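To start, the structure itself, in structure tokens.
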Amino acid sequence: MSNLEPTRSVVYSQGIIFTMKTKSCWFGVGCSVIGVLAIVCVQAVAEGKHPATLVSLGGVDSIIARAITDANIPGAVLVVGHDGAVVYRKAYGNRALEPKIEAMTVDTVFDLASLTKVIATTTAMMQLFEQGRVRMNDPVAKYLPEFGQNGKEDITLRQLMTHYSGMAPDLDLTTPWEGKNTAYQLAFVEPPETTPGSGFVYSDINFITLGALVEKVSGETLDEYATKHIFAPLKMTRTRFVPPASWRAKIAPTQYDEKEHMLRGDVHDPTARRMGGVAGHAGLFSTADDLAKFAQALLNGGRGILSADTVEKMTSPEQPPQAPVLRGFGWDIDSPFSSNRGDLLPVGSFGHTGFTGTSMWIDPTTQTYIILLTNSVHPRGKGNAVGLRSKVATEVAAALALNPSEKEAMRWKSITGYNEAMSASRHMGTRNGTVKNGIDVLEEHGFDVLQPASADSGKKRIGVVTNQTGIDGQGLRTIDVLAKAPGVSLEAIFSPEHGVTGTLDTTGIGNSVDEATGIPVYSVYGGTDAARRPPADVMKYLDAVVFDIQDAGARYYTYETTLGYFLEGAAAAGIELIVLDRPDPVTGSFVQGPVSDAGKENFTDYWTVPVRPGMTMGELARMFNAERNINAKLTVVPMEGWQRGDWFDSTGLAWVNPSPNLRSVTEAALYPGVAIIEGTNVSVGRGTDTPFELLGAPWMKSKELAAYLNARGIAGLRFVPVTFTPTSSNYSGQMCSGVNIIVTDRNGFDAPELGMELAAALRKLYPADYKIERLPELLMNKSVYDALLAGQDPRRIAQDWQEGLQKFVKIREKYLIYK
């Protein structure tokens with residue numbers, strides 16, 4: 001015993017734990033509250049690190065004891081890790097109740113059930129991804145051609161990994177079949193139950209298919225691959241498929257099979273059992289100690305099996321951005337299956353469960369994992385560990401005094417990237433806000449930013465770029481407010497597209513004079529590029545230009561380009577541009593759509609931004625000025641009271657149509673999607689009472705189109721067959737059949753992706769009539785257009801543009817005013 005050094009003792013509710021230290025492990029032995037020997041082991045698992053303190057989890061002991069008393073579980077093994085060490089390790093109750101009672105021990109081997117998905121299959125897939133042998137956005141059929149039938153041609157690896165494939169929960173077990181290859185063939189011919197990508201359906205078929213894919217790409221069977229590349233590097237010596245007979249005495253039995261044979265070492269899952277015990281969705285057996293090694297490896301950045309970047313990607317939200325269920329690759333983040341996160345661990349942590357009663361949850365923020373293994377299905381499938389998991393996780397987090405809030409925010413920000421929109425959609429609701437626009441803030445501050453440098457320099461000569469949306473909180477025009485402002489002389493008014501009153505829908509807008517003030521109005525909208533830029537001969541006589549226009553929140557809305565042109569004009573003239581900020585009417589949280597291709601800038605595409613950038617005019621001005629190296633003297637007068645999640649109807653501000661055909665918040669929400677295709681031979685409702693809420697043409701069939709789009713399961717939207725006759729624009733005076741687009745959840749749909757759905761539907765249903773050639777004029781992304789022409793599924797197309805979105809979000813972050 002000379003190598004044992006007494007260190008400390010800790011008093012638990014059930015007695016005294018005597019603790020001694022070896023070179024690598026802290027041991028304590030005491031009495032369990034339910035009469036089973038407990039070993040509380042505090043083991044350094046990260047380079048000899050020892051925990052700062054031992055913990056008492058008497059509350060957890062009581063919770064588990066109650067679950068045993070209530071017959072929810074026969075017994076359990078709990079291992080808790082924190083800050084690189086195991087801080088709690090304990091066995092409870094019994095391993096077996098039938099045919100004879102056996103006490104639970106900490107080294108019990110459990111049928112992990114669906115934990116197989118994340119321990120073996122997901123890890124294998126991420127290793128292949130890391131090696132460049134698979135791409136998550138590739139169709140499964142690229143690797144398994146047999147899979148690409150019966151409507152599965154465009155199902156991607158990502159959709160399998162996140163359970164958004166639309167596949168049924170399991171293979172058909174009502175008819176007899178046996179063998180792994182048979183299961184693969186059944187999965188390959190199975191049609192999706194729902195439209196791929198339209199919703200979350202937890203499916204074993206997804207991971208059965210992924211198991212087949214691992215075998216195909218690696219050239220090794222799944223069990224061989226997992227043993228060699230995952231379990232062996234982590235020294236998980238008690239983890240494997242099809243455990244040997246020598247393990248039987250330590251295996252926790254599950255329940256009786258259809259022949260009244262107690263399953264013990266035979267996999268509980270009937271599909272995996274028919275497959276011979278090795279499957280991508282179930283079949284793995286392991287101990288809590290081995291799973292602790294795996295969990296700690298992930299907390300250590302995947303050391304030994306994956307890179308840190310791959311672990312972060314695997315455990316970050318990877319489902320469709322607007323989806324209400326958060327899933328990483330394989331791992332659960334926030335879904336109906338997340339009970340084992342408890343009430344205190346943050347969203348941003350991750351885990352998984354298994355049907356037999358197994359679970360693990362890992363939180364990188366607090367460097368904590370909770371592994372709770374039970375065989376709740378024993379002996380006759382009537383137990384239930386769901387409620388227990390939640391209670392245990394909550395009690396552990398409370399006992400460890402975990403305080404993840406600040407770190408959680410940092411991790412969540414770092415992992416969400418383009419998912420900012422998704423995160424916002426889950427947490428924001430309408431509010432009754434009180435927002436002050438930039439013009440109101442300017443007035444309250446006595447027009448300070450407009451004042452001349454000194455009293456001797458005279459009044460500052462200014463111009464203003466504005467239209468009918470430029471009004472203050474009292475309903476006064478910005479023009480009139482500035483004309484009467486002290487210390488300034490309003491010399492020029494510049495009017496954008498639709499004119500200073502916002503009522504004209506033509507390029508033939510000439511110069512005029514404002515009737516109320518007599519100040520000249522210079523049109524900066526015409527048929528040529530020169531006509532759309534500020535006149536240099538006017539700019540050179542000004543000291544500053546004020547910009548006050550309400551944007552629509554879409555890249556191709558021309559006011560954003562007008563802003564860019566005035567930045568350039570101000571820089572050339574050596575004068576200041578002052579932007580009076582206003583809300584993004586469709587929130588500043590959603591960042592959606594393909595980023596436009598570089599080098600193709602035009603009046604509807606000033607810079608390489610996505611269709612829906614989620615930025616105010618003030619923020620766009622800061623970004624344009626810096627990223628395009630304009631370097632104008634720029635001042636932004638920010639709003640007060642605006643929050644990034646605010647839709648316009650949450651601001652308390654009066655709605656003023658920013659252009660003749662954007663008449664409501666609903667139309668503004670649809671505009672970044674529907675407007676993408678309005679350059680093609682369709683009517684989007686211009687010349688009706690509800691522009692952008694309609695889509696039609698004389699050659700469409702309204703019921704057919706509505707049925708097709710509704711069957712696509714597009715989140716947040718429904719489609720109603722209608723007929724209408726527009727009085728202007730495309731098909732003026734002609735009856736059009738089509739759809740009325742109904743928004744059921746404005747936070748839940750992706751507007752640019754809607755544009756892709758509409759274009760793809762028209763091309764599929766009406767190939768002889770729909771003329772898609774002009775789509776690139778507003779889409780401005782060749783790869784997306786080419787994918788549409790190739791007939792790719794719109795959800796796959798939208799997933800492919802996410803990489804560009806993530807890059808844009810990182811640039812965007814530098815220029816946000818309202819955090």
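Numerical summary
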read-out	value
Debye intensity ratio I(q)/I(0), log10, region 145-278, q values 0.09, 0.13, 0.16 Å⁻¹ (C-alpha model)	-0.31, -0.65, -0.93
Region 518-549 versus region 184-254: alpha-carbon centroid distance in Å	66
LYS633/ARG431 FRET efficiency (R0 30 Å; Cβ-Cβ; nearest 0.05)	0.25
Ratio Rg/Rh [Cα only; Rh per Kirkwood] for region 611-768	1.04
Coil-residue GluC sites (Glu not before Pro) of region 681-780, DSSP, other Cβ within 10 Å capped at 15	GLU773
Cα gyration tensor shape for region 560-620, rounded if a/c is under 1.5, else prolate or oblate	oblate
Out-of-range pairs (alpha-carbon distance over 22 Å; input LYS782/LYS819; LYS701/LYS771; LYS633/LYS814; LYS235/LYS313)	LYS782/LYS819; LYS235/LYS313
Flagged links, alpha-carbon separation over 28 Å, of LYS436/LYS484; LYS100/LYS228; LYS228/LYS259	LYS100/LYS228; LYS228/LYS259
Relative counts (whole %) of C-alpha pair distances in the chain, using bins that are 10 Å wide	2, 12, 19, 19, 16, 13, 10, 6, 2, 0, 0
Bridge type composition, the chain - antiparallel percent by DSSP, nearest 5	75
Inter-probe distance in nm under a simple model that places probes 7 Å from Cα toward Cβ, at ASP769 and VAL656	4.1
Per principal axis, descending, Cα span of region 225-339 in whole Å	46, 33, 24
Cβ-derived FRET efficiency at R0 56 Å, SER307 paired with THR725, nearest 0.05	0.40
Inter-probe distance in nm under a simple model that places probes 7 Å from Cα toward Cβ, at VAL242 and ALA572	7.6
Length released on extending from VAL189 to TRP177, taking residue separation times 0.36 nm less the Cα-Cα span	2.8 nm
Surface share of carbon and sulfur [accessible, 1.4 angstrom probe, percent] for region 551-649	43
Loop-located trypsin sites (Lys or Arg not before Pro) in region 216-298, at most 12 other Cβ atoms within 10 Å (DSSP)	LYS235, LYS259
Separation between Cα centres of region 137-171 and region 607-674, rounded to whole Å	38
Extension reserve of the ALA536-ALA707 stretch, reckoned as 0.36 nm per residue once the Cα distance is removed	56.1 nm
Residues LYS228 and GLU146, FRET efficiency given R0 of 25 Å [Cβ-Cβ distance, rounded to 0.05]	0.45
Reachable aspartates and glutamates, given that their alpha-carbon falls under 12 Å from the alpha-carbon of LYS142 and they are not under 8 places away in the same chain	GLU153, ASP154
Loop GluC sites (Glu not before Pro), region 452-558 (other Cβ atoms within 10 Å of the site Cβ: 13 or fewer; DSSP)	GLU515
Per-peptide average of other Cβ atoms within 10 Å, ordering 728-736, 313-321 highest first	313-321, 728-736
Projected label distance in nm at GLU803 and GLU260, using a 7 Å step from Cα toward the beta-carbon	5.9
Square roots of five times the Cα gyration tensor eigenvalues for region 443-531, Å	26, 15, 10
Dimensionless Rg over Rh [region 581-650; C-alpha; Kirkwood]	0.99
Calculated on alpha-carbon atoms, Rg and Dmax of region 673-717 in Å	11.1, 29
Whichever aspartates and glutamates have a C-alpha closer than 18 Å to that of LYS540, once near sequence neighbours (fewer than 8 apart) are set aside	GLU491, GLU568, GLU576
Residue-normalised accessible area of the chain, expressed per residue, 1.4 Å probe, Å²	37
Segment SER457-MET735, extension gain: residue separation times 0.36 nm, minus the distance between their alpha carbons	93.8 nm
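The values are calculated or read from the model by the stated rules, or taken from the named source; none is laboratory data. All figures in this text were calculated on a predicted structure; none of them were measured in a lab. Note: ideal-geometry Cβ built from the backbone for every residue, glycine included; neighbour counts use all protein chains shown. Just so you know, the surface numbers come from the protein's heavy atoms only, side chains and all, with ligands and any DNA or RNA stripped out. Shrake-Rupley method; radii C 1.70, N 1.55, O 1.52, S 1.80 Å.
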